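Written below as structure tokens is the structure these notes are about.
The values are calculated or read from the model by the stated rules, or taken from the named source; none is laboratory data. Computed from a predicted model, the values in this text were never measured in an experiment. Glycine gets a Cβ as well: all are built from the backbone with ideal geometry, and neighbour counts include every protein chain shown. The area values use the complete protein model at the heavy-atom level, side chains included, leaving out ligands, DNA and RNA. Shrake-Rupley method; radii C 1.70, N 1.55, O 1.52, S 1.80 Å.
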Amino acid sequence: MNEGDTVNAVDKPKAILILLCAICIAAFPQISAGQDVPSDYQQVMKIVGKQGDYKANVLKVNIPRNDLHVQIAGFPVPTPFGFGGWFAMTKGDGGEEVVMGDLVLTQEEVSPVMSALLDHGLEVTALHNHFFWDEPRVFFMHIHGHGKAIDLANGLKPAIDLIGQTKPAGAGQTTSQTPKQSTLDTEKIAKIVSHAGEQNGPVYKITLGRDDLAVKEMGATINARMGLNTWAAFAGSNEDAVVAGDIAMLESEVQPVLKALRAHGLDVVAIHNHTINSRPVIIFLHYWGRGSADKLATGFKSALDELGKPNRP
């Protein structure tokens, strides 16, 4: 062994120690982040077998329909375009949790999932479409409940376990197409809308809360993460883009928003409630459009401009 070998032999233990320290330091933020999630919410995720995140005092668990290959009017769209189901929990009065959610279901799944929810003490507060011309046909079921976190998770699990187990009628008769890669100028879209969004694969999504509205449920604040939000999802190219979204409105805002969307050529595909007995009453509107990204963003912005005007009740 020469002198260089001696130095290397001495340095190896030090190098290993430094490496182990680096690994521990890198892992520490992840461990800390996990510890921030209340223990009962960690148990909820374990029971339902899904991942989630905890922000703004809300646990949000995603149930994306990655198993579906959806086309809207012949345009193949990816899951983040509007097929990501979810449920969210937050603490209300008396130590009980409030749960709300939106499950994405094929038409064959609607009845068995609804029965599973009702049989286990959950409420179904809305059932509707978000699109026209969708293949396969997809429906959205809004849910509500309150109680202990573990009990709610055990009530949700049988319904969640049914999702994706039923093959849509005619699913084997159509050839699925891969959604187009996005080549959108997202900075320009954000500038038109006056709000930045987030990129999720080929989809650029802008989500806005209704912080001007004070909505409570059993003492719990119903915020954007609990479903009180307006959003627009863009995909495609600058010249040939698609947009879909949801607008949360007071009753007095419905007609002005409808007029704004239709004036810009956007199709309104559903108007409905998501919850029961909410005060103030919140109406949700789903829309769809295809055209240049600039035109679609301008249409969405025109609807946003009708929200929160002080002279409306």
task = Just give me the residues in the stretch 96-123 being part of a helix (DSSP H, G or I) and not aliphatic (A, V, I, L, M), in sequence order.
result = 107, 108, 109, 111, 112, 115, 119
ask   = When you scan the stretch 64-85, how many residues do you find that are out of contact with any Lys or Arg (no Cβ under 6 Å at 6 or more places or on another chain), within 19 Å of residue 198 (Cα to Cα) and open to solvent by less than 10 Å² (accessible area, probe 1.4 Å)?
value = 3
task = Take the residues in the stretch 184-194 that are over 14 Å from residue 236 (Cα atoms) and in contact (Cβ under 8 Å) with a residue 40 or more places away in the chain, then tell me which one is least open to solvent (accessible area, probe 1.4 Å).
result = 193
inquiry  = Test of understanding: among 121, 147, 82, 95, which residue is at positive phi and touching a strand residue (DSSP E or B) at 6+ places or on another chain (Cβ under 6 Å)?
reply    = 82
Search result, residues across the stretch 275-296 that are of a type in the set (S, T, N, Q) and either open to solvent by 40 Å² or more (accessible area, probe 1.4 Å) or within 19 Å of the chain's Cα centre (by Cα) (or both) = 275, 277, 292
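Condition check ((1) open to solvent by less than 10 Å² (accessible area, probe 1.4 Å); (2) touching a residue at least 40 places away in the same chain (Cβ under 8 Å); (3) in contact with a Ser or Thr (Cβ under 7 Å, 6 or more places away or on another chain)) across all residues:
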| site | (1), (2), (3) |
| --- | --- |
| 219 | no, yes, no |
| 226 | yes, yes, yes |
| 229 | no, no, yes |
| 255 | no, no, no |
| 298 | no, yes, no |
| 310 | no, no, no |
query = Inside the stretch 141-160, can you point out the residues that are part of a helix (DSSP H, G or I) and without any contact (Cβ under 8 Å) to a residue 60 or more places away in the chain?
reply = 151, 155, 158, 159
key: Test result for residue 258, more than 15 Å from residue 130 (Cα to Cα) and in contact with a Phe, Trp or Tyr (Cβ under 8 Å, 6 or more places away or on another chain)   = no
inquiry  = Yes or no: the stretch 124-140 includes at least one residue that is assigned to a loop (DSSP other than H, G, I, E, B), more than 17 Å from the chain's Cα centre (by Cα) and without any contact (Cβ under 8 Å) to a residue 40 or more places away in the chain.
reply    = yes
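Residues checked against (1) in contact with a Leu (Cβ under 9 Å, 6 or more places away or on another chain); (2) of a type in the set (Lys, Arg); (3) surrounded by 21 or more Cβ atoms within 10 Å (Cβ to Cβ):
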| position | (1), (2), (3) |
| --- | --- |
| 107 | no, no, no |
| 110 | yes, no, no |
| 142 | yes, no, yes |
| 146 | yes, no, yes |
| 165 | no, no, no |
query = Given the conditions (1) modelled with pLDDT of 85 or more; (2) in a loop (DSSP other than H, G, I, E, B); (3) within 26 Å of residue 98 (Cβ to Cβ), and given that residue 274 satisfies all but one, which numbered condition is not satisfied?
reply = (1)
note = Checked the stretch 40-63 for anything buried (at least 17 other Cβ atoms within 10 Å of the Cβ) and either closer than 22 Å to residue 200 by Cα or modelled with pLDDT under 95 (or both); matches are 50, 52, 54, 58, 59, 60, 61, 63
task = Return yes or no: is residue 263 open to solvent by 30 Å² or more (accessible area, probe 1.4 Å) and of a type in the set (A, V, I, L, M, F, W, C)?
result = yes
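Hey, any hits in the stretch 246-264 for a residue that's on the phi > 0 side of the Ramachandran plot and either small (Gly, Ala, Ser) or assigned to a loop (DSSP other than H, G, I, E, B) (or both)?
no
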